[in-house]
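Below: one structure, written as structure tokens.
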Amino acid sequence: MPAIVLIGAQWGDEGKGKVTDLLGERVGYVVRYQGGNNAGHTVITPDGRKFALHLLPSGVLTPGCVPIIGNGVVVDPKVLLAELDGLADRGVDTSRLLISADAHLIMPHHRALDRVVERYLGSARIGTTGRGIGPAYGDKVARMGIRMQDLLDPGILAKKLELALREKNQVLVKVYNRKAIDAEAVVGEYLTYAERLRPYIADTRLTLARALDRGENVLLEGAQATLLDVDHGTYPFVTSSNPTAGGACVGSGIPPTKISSVIGIIKAYTTRVGAGPFPTELFDDHGAHLSRVGGEFGTTTGRARRCGWFDAVVGRYAVRVNGITDLVVTKLDVLSGLDRLPICIGYEIDGERVDEMPMDQTAFHHAVPIYEECDGWDEDITKCRQFTELPAAAQHYLRRIEDLCGTRVSVVGVGPGREENVVLHDLG
Ligand code: IMP
């Protein structure tokens, strides 16, 4: 298994930690390739300790593994250092971390603009995490971003920031009636971060190429998910990067020919945080069940996630745009006790039946799910470790997911614990 991509197949929060656990020590390098501290995942280590990570790849918790923050990530250095300090306080060795010299920095004006623009949008807001992600990526594409490597050259850092603030301060003051940001103070602050981050900054592209040449295993860990992809997601209700499999190559510098498999994580139902279309969303007791039993509150913002039935149109789409080779279905146990389990197999849009993700966003906003009803089950499935131990109705539900999405289900999560899985096919 040279390079494996791990991506969310829905709108995020599918539980990617499960796969990282399953691959465990077989992986020598874990790379974050996009997003920033808008992500959040909870990892439980073999000794039962729970960690909430936002920016660092989960590999930071695996002894011997090299965690890498790739060029495609946007890094808020203050948040990164706080995360590193938090881990150090709990005895985690973070010295192996490498950060791409090409990763872009989230600056104070990015955070300020993210929040003020959302407020300005009112009911049309995206519901961002407010961490400055969108503005940082905007500046990257506009070629006025500041990169990790700029921290190593105080003169360049000051010059680039002054140039950026010349425009951003005008916007903050004149458009949004906010205070201007003082360039000198920011440079001073960021140079203190530079001192601490210097040992981690590296040519991670080269590190990864050499690791792959030696036959080491690399896990490319996506944040957010397919439907939040800026190109392939429900634009504009998306994040500003490319979580899809293609983004893994761009955001790490690993060529597509080195990718051996793409693992898609898909929840046994659907959730979404923030605004945007969500055809199978539930507003009834079933939705309340999913939210309560599934503990559907964000790791990063604590916001309640919107909940709905499994949407196979979304699953099929994720398989198609990512080339998913294996699906990992998470949280199947959350469905135990529900009498019936509708699966969305297509949509009715303005009187017409549609089986694939519609071409335009307006149509997706009008999509009314067409459901196939599956039987529920009452049994506690958390002790099941073999597919045949699952209730017949649960087996049928999984087989329908497999058939409708068009790729095999390789692992099923039946509880939050590391061992609480049914493995049908080895992910390695
Ligand atoms: P941003 O990434 O903060 O710009 O937010 C853009 C959209 O992506 C919003 O709808 C967020 O709720 C959503 N989003 C960002 N990160 C995550 C995540 O890790 N899980 C789920 N949704 C996310």
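The values are calculated or read from the model by the stated rules, or taken from the named source; none is laboratory data. Values in this document were obtained by computation on a predicted structure and should not be read as measured data. Positions of Cβ are backbone-derived with ideal geometry, glycine not excepted, and every protein chain shown enters the neighbour counts.
Tell me which residues, restricted to region 258-287, are small (Gly, Ala, Ser), over 19 Å from the mean Cα position of the chain (by Cα) and under 24 Å from Phe364 (Cα atoms). Reasoning before the result, please.
Within region 258-287, the first condition is being small (Gly, Ala, Ser), and the residues that meet it are 260-261, 264, 268, 274-276, 287.
Cutting the leftovers down to over 19 Å from the mean Cα position of the chain (by Cα) gives us 260, 287.
Across region 258-287, the qualifying residue is only Gly287.
None of Val66, Val43, Val27, Val60 is closer than 30 Å to Pro277 by Cα and in contact with a strand residue (DSSP E or B) (Cβ under 6 Å, 6 or more places away or on another chain) except Val43. At least 1 residues being in contact with a strand residue (DSSP E or B) (Cβ under 9 Å, 6 or more places away or on another chain) and without any contact (Cβ under 8 Å) to a residue 60 or more places away in the chain is the threshold, and among the strands (runs of 3 or more DSSP E) wholly inside region 290-356 those reaching it are 306-308, 340-349, 352-354. Of all residues in region 1-15, which are at pLDDT 85 or above and either within 10 Å of the ligand (Cβ to nearest atom) or over 20 Å from Leu227 (Cβ atoms) (or both)? Across region 1-15, the qualifying residues are Pro2, Ala3, Ile4, Gly8, Gln10, Trp11, Gly12, Asp13, Glu14.
For Leu327, state whether it is in contact with a Gly (Cβ under 8 Å, 6 or more places away or on another chain), in the same structural domain as Val19 (by TED's automatic domain parsing) and buried (at least 21 other Cβ atoms within 10 Å of the Cβ).
Working: in contact with a Gly (Cβ under 8 Å, 6 or more places away or on another chain): yes; in the same structural domain as Val19 (by TED's automatic domain parsing): yes; buried (at least 21 other Cβ atoms within 10 Å of the Cβ): yes.
For Leu327, the condition - in contact with a Gly (Cβ under 8 Å, 6 or more places away or on another chain), in the same structural domain as Val19 (by TED's automatic domain parsing) and buried (at least 21 other Cβ atoms within 10 Å of the Cβ) - is met.
Please enumerate the residues belonging to region 250-278 that are touching a residue at least 60 places away in the same chain (Cβ under 8 Å) and more than 16 Å from the ligand (Cβ to nearest atom). Steps first, please.
As a first pass, look at region 250-278 and keep what is touching a residue at least 60 places away in the same chain (Cβ under 8 Å): 250-254, 258-278.
Of everything in region 250-278, those that are touching a residue at least 60 places away in the same chain (Cβ under 8 Å) and more than 16 Å from the ligand (Cβ to nearest atom) turn out to be Val250, Ser252, Gly253, Ile254, Lys258, Ile259, Ser260, Ser261, Val262, Ile263, Ala268.
When Thr192 is tested against (1) surrounded by 13 or more Cβ atoms within 10 Å (Cβ to Cβ); (2) without any contact (Cβ under 8 Å) to a residue 60 or more places away in the chain; (3) of a type in the set (Ser, Thr, Tyr), just one condition goes unmet, and that condition is (1). Residues that are outside any strand (DSSP E or B) and either at pLDDT below 95 or in contact with a Cys (Cβ under 6 Å, 6 or more places away or on another chain) (or both) within region 248-275 comprise Pro256, Val273, Gly274, Ala275, listed in sequence order.
Candidates Asp426, Asp378: the one that is modelled with pLDDT of 95 or more and part of a loop (DSSP other than H, G, I, E, B) is Asp378.
One line per residue, one yes/no per condition, for (1) free of Cβ contacts under 8 Å to residues at least 12 places away in the same chain; (2) exposed (fewer than 14 other Cβ atoms within 10 Å of the Cβ); (3) assigned by TED's automatic domain parsing to the domain that holds Asn242; (4) farther than 23 Å from Arg32 by Cβ:
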{"position": "Asp76", "(1), (2), (3), (4)": "no, no, yes, no"}
{"position": "Leu80", "(1), (2), (3), (4)": "no, no, yes, no"}
{"position": "Arg90", "(1), (2), (3), (4)": "no, yes, yes, no"}
{"position": "Glu118", "(1), (2), (3), (4)": "no, no, no, yes"}
{"position": "Ala136", "(1), (2), (3), (4)": "no, no, no, no"}
{"position": "Asp139", "(1), (2), (3), (4)": "no, no, no, no"}
{"position": "Met148", "(1), (2), (3), (4)": "no, no, no, no"}
{"position": "Leu151", "(1), (2), (3), (4)": "no, no, no, no"}
